[in-house]
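Just below is one structure, and these are the notes that go with it.
The values are calculated or read from the model by the stated rules, or taken from the named source; none is laboratory data. Since the model is a prediction, treat every value here as computed from it, not as a measurement. Because the Cβ atoms are built from the backbone with ideal geometry, glycine has one as well, and the counts that use them run over all protein chains shown. These accessible areas exclude ligands, DNA and RNA; they are computed on the full protein's heavy atoms, side chains included. Shrake-Rupley method; radii C 1.70, N 1.55, O 1.52, S 1.80 Å.
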Amino acid sequence: MPSKTIHIIFITVISGLAWVISFPLNEWFSDTMPRHQLLQLPAMLLLGILAGLRYSRLIPIRFPWDVALLIFIMASLVFWMLPRSIDTAVIHPAFNRLMHVTMLAAGFLTITVLRQTIFEIRIAFMAMVSVMVFVTGMTLVTFNILLCSSFNIDQQKETGLRLLITGMFFAAGTLFTFFSGLGKKT
Amino acid sequence: MLQLSPLEIKKNRTFIKVWTITFLIVFPLLIVLGLLMRLNQGEEINLGMDKFYVLMTLHGLGMAGLLFSTSFAALWYLIGTRHVKLNLGIGYLVYFLILIGVIGLAYATLLGKFGAGWYLLYPLPFKNAIWPAWSTGLSIVSLIILGVAWLLGMLHVLYVLAKEYGGLTNLLGWQYLGKKEVKKELPPIVMITTISLIPGVIAYLAGAVFLVMFLMQFFEPTLTFNMLLMKNLIFFFGHTLVNITLYCCLGWVYALLPEYTGRKWVTNKVLVYAWNATFFFIIFAYFHHLYMDFAQPLGLQYAGQLASYFSAVPATAVSMFGVITQVYHSKIKWGIVPLSFLIGVGGWAVGGFAAVIDATISVNLVFHNTMWVPGHFHTYMLGGVVLFIFGFFFYLSHTREEQEKDISGKAGFWLFVLGAHCFIATFYTGGVNSIPRRYADYKGIPIESTHLIGAFLARLAAICIIIVIIGFLIMTFAILVKLIRKRVAITEPVQNS
Ligand code: HEM
């Protein structure tokens, strides 16, 4: 198949999936906190990552832009985990779509930057993201007051528990990347 | 041997000069904080509780951070001029991030009155703290910045070494354990660096977790985390950081001492087994900080005692035995550098032994949170790490002949050692007499004899500290005169027979 056709198919599939998640399924995803935070948000991130896997090499990113972009990605993740942002996103679909666009961009940039940046920054970033996810999970599990008025406390705790486990997996992934990076011979 | 251009050598020297001067400026300031604390405990001045704890926090955090950073910088310099090329851009990035972190901490403590102690004593900063909330926030952010700086530095050194020596297993020296001939010799400094820094990276992860948890609670003060979990995370981070500071210094003792004794000190099976065992024990020894926490599972308490005992044996015994075999009948000329290393190893041995005593559960029941605790860690920090650092500075600034003939430098050194050990002895004596640690003064202790002994020892300590400061100033003068006037001595290893 000619490569132009493959590009078109790929972009159509990614855009189509993003549209389905963001429009027809939006109400379903916004119904509970785990669906919103653990399915919709990561799904968008994943679509961004898939696009990044394919096109990241087209965009050369060098120091200090890599660091600047990683800070942007980190800030986006933090912003979209804040209770106020989550509440607003659930209430106003347009605001939720802003989250979708940001997550698509964050996913795309994550893979683009991580592929090109130096080992040290890659590991430091992965470590910080794992820690952030883990601690957010811990906070949601520990906290007995409802943080997002759109959901309920059980959903909050369930989301927390799953984030906690995800954080552990991320940390294991970071250590794996770290040790395999050291293990590679020149 | 690494080939460097004159420009690269010059750049590396400038880098280490920056670190040397930073240490020589910051270290005495932190000593003065210690002096003020002891004067307050001796009832010679009246700081008030709030100021005492501010000084204690800045002193503890500052000293632990400064010594680790300087040990790491020296290791960086020796590795970067002898074994692999390191990226000085990253080196300076680390330096400036550390500077930002330190300024933040100084601001939060001195102006914001943050006084929770060097391991932050969770949940103290959030429960009726007498300092404003912003200073807690600033301290946490500053510590996160420091952590990121150290992490970047450690990752860089490890990564470059791994590329040069063919992967992690080779860095750990495992090629020496097989039957095959070793193709590329592994210098002990490289193996020790690896074994120090990998636990450092893992400890950093734990450190980042508790710091971000602190940050969450800072934003949402009604949150409360599991205190035992927090304490485990904090001590895993803090204890590992202090441990690897010592090991970083040992790295350069292994590299530099042979230049004075003329004897080789190479990697072999014994060294590999010993240091790899340390790699394991270093991670579990911190449990001895939690003996008083009844909620900690009993098994972990025993694990803590065993790991503390075992961690003392391999690297310590092997390194000390190594130092003795290096100097015994070696016709060494006792210039200030080997002298610092030898006396430093002595401090390490004494402090380590005092630590093992305190890590014995039955003894800890009595010694816990008495002055014995600052006694043991000041022995291997002030009487060990600081002497190693001075040895390194003299190595940098003085030629071999100057090292042997510098009378003033040696006089300063002996004054420092004398003052330091007498000062430390006041801690041990305090511990044996049940004087509690972290008391701004002892006036409130209802047992009058304890109050009087505590105050008397503190006054005695203040005199010793003044001797330490005089010794320090003499050594600093000797180093700075040579360092500024002259090019730094080239650190090429002598080829020993
Ligand atoms: C002459 C030099 C020094 C003096 C005069 C000094 C003095 C003191 C004093 C008086 C205390 C409070 C003890 C108590 O009542 O609990 C203290 C605590 C401490 N010192 Fe030093 N010290 C010196 C060197 C060092 C060094 C080299 C380190 C390196 C790590 C260090 C790290 C600490 C730490 C971590 C604490 C505990 C702080 C806390 O409990 O939060 N000190 N020091």
I'd like to check something: does segment B:444-458 contain any residue that is away from chain A (no Cβ under 14 Å), near the ligand (Cβ under 9 Å from one of its atoms), over 20 Å from the mean Cα position of the chain (by Cα) and closer than 23 Å to B:TRP348 by Cα?
no
Looking at segment B:376-387, I want the residues that are near the ligand (Cβ under 6 Å from one of its atoms) and have a partner that is of a type in the set (A, V, I, L, M, F, W, C) and open to solvent by less than 10 Å² (accessible area, probe 1.4 Å) with Cβ atoms under 6 Å, at least 6 apart or on another chain. Which pairs are those?
B:HIS378/B:ILE424; B:LEU382/B:ALA420
Can you confirm whether segment B:187-201 contains a residue that is within 8 Å of another protein chain (Cβ to nearest Cβ) and either under 22 Å from A:PHE176 (Cβ atoms) or in a loop (DSSP other than H, G, I, E, B) (or both)?
yes
Return yes or no: is A:ILE121 surrounded by 15 or more Cβ atoms within 10 Å (Cβ to Cβ) and touching a helix residue (DSSP H, G or I) at 6+ places or on another chain (Cβ under 6 Å)?
no
Provide a single number: the residues in segment B:58-71 that are within 20 Å of B:LEU480 (Cα to Cα), of a type outside the set (Gly, Ala, Ser) and buried (at least 23 other Cβ atoms within 10 Å of the Cβ).
2
Number of the condition not met by B:THR224 [criteria: (1) buried (at least 20 other Cβ atoms within 10 Å of the Cβ); (2) at the interface with chain A (Cβ under 9 Å from one of its Cβ atoms); (3) in contact (Cβ under 8 Å) with a residue 12 or more places away in the chain]:
(1)
All helices (runs of 4 or more DSSP H) inside segment B:270-374 with 2 or more residues being within 24 Å of B:PHE423 (Cβ to Cβ) and either touching a Lys or Arg at 6+ places or on another chain (Cβ under 8 Å) or more than 16 Å from the ligand (Cβ to nearest atom) (or both):
B:336-358, B:361-367
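In the list A:LEU147, A:LEU163, which residue meets the criterion of being within 11 Å of chain B (Cβ to nearest Cβ) and open to solvent by less than 70 Å² (accessible area, probe 1.4 Å)?
From the options A:LEU147, A:LEU163, the qualifying one is A:LEU147.
From the list B:ILE90, B:ILE100, which one is away from the ligand (no atom under 12 Å from the Cβ), in a helix (DSSP H, G or I) and in contact with a His (Cβ under 9 Å, 6 or more places away or on another chain)?
That would be B:ILE90, the only listed residue that is away from the ligand (no atom under 12 Å from the Cβ), in a helix (DSSP H, G or I) and in contact with a His (Cβ under 9 Å, 6 or more places away or on another chain).
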With the requirement that a residue be open to solvent by 10 Å² or more (accessible area, probe 1.4 Å) and within 11 Å of chain A (Cβ to nearest Cβ), what does segment B:212-221 give you?
B:VAL212, B:LEU215, B:MET216, B:PHE219, B:GLU220
Within segment A:13-49, track down each residue that is open to solvent by 70 Å² or more (accessible area, probe 1.4 Å) and either touching a Gly at 6+ places or on another chain (Cβ under 6 Å) or in a helix (DSSP H, G or I) (or both).
A:VAL13, A:LEU17, A:TRP19, A:GLU27, A:TRP28, A:LEU39, A:LEU46
Exactly one of these conditions fails for B:ILE479: (1) open to solvent by less than 10 Å² (accessible area, probe 1.4 Å); (2) within 14 Å of the ligand (Cβ to nearest atom); (3) of a type in the set (Val, Ile, Thr); (4) farther than 26 Å from B:ALA359 by Cβ. Give me its number.
(2)
Inspect all residues belonging to segment B:50-57 and state whether any of them is open to solvent by less than 30 Å² (accessible area, probe 1.4 Å) and at pLDDT below 95.
no
Does A:ILE153 satisfy the condition of being closer than 22 Å to A:THR110 by Cα, more than 9 Å from chain B (Cβ to nearest Cβ) and not acidic (Asp, Glu)?
no
Of the residues A:ARG97, A:ARG122, A:ARG115, which single one is more than 22 Å from B:LEU223 (Cβ to Cβ) and within 11 Å of another protein chain (Cβ to nearest Cβ)?
A:ARG122
Enumeration of residues in segment B:248-281 that are under 30 Å from B:VAL212 (Cβ atoms) and open to solvent by 10 Å² or more (accessible area, probe 1.4 Å):
B:PHE279, B:PHE280, B:PHE281
Taking segment B:1-45 and the residues there that are part of a loop (DSSP other than H, G, I, E, B) and more than 16 Å from the ligand (Cβ to nearest atom), the one that is surrounded by the fewest Cβ atoms within 10 Å (Cβ to Cβ) would be B:GLN3
Taking segment B:163-186, which residues are within 17 Å of B:ALA277 (Cβ to Cβ), part of a helix (DSSP H, G or I) and more than 9 Å from every other protein chain (Cβ to nearest Cβ)?
B:TRP174, B:TYR176
Which of (1) buried (at least 21 other Cβ atoms within 10 Å of the Cβ); (2) outside any loop (DSSP other than H, G, I, E, B) does B:LEU110 not meet, given it meets every other one?
(1)
Look at A:VAL129 and say whether it is under 18 Å from the mean Cα position of the chain (by Cα), free of Cβ contacts under 8 Å to residues at least 12 places away in the same chain, surrounded by fewer than 22 Cβ atoms within 10 Å (Cβ to Cβ) and part of a helix (DSSP H, G or I).
no
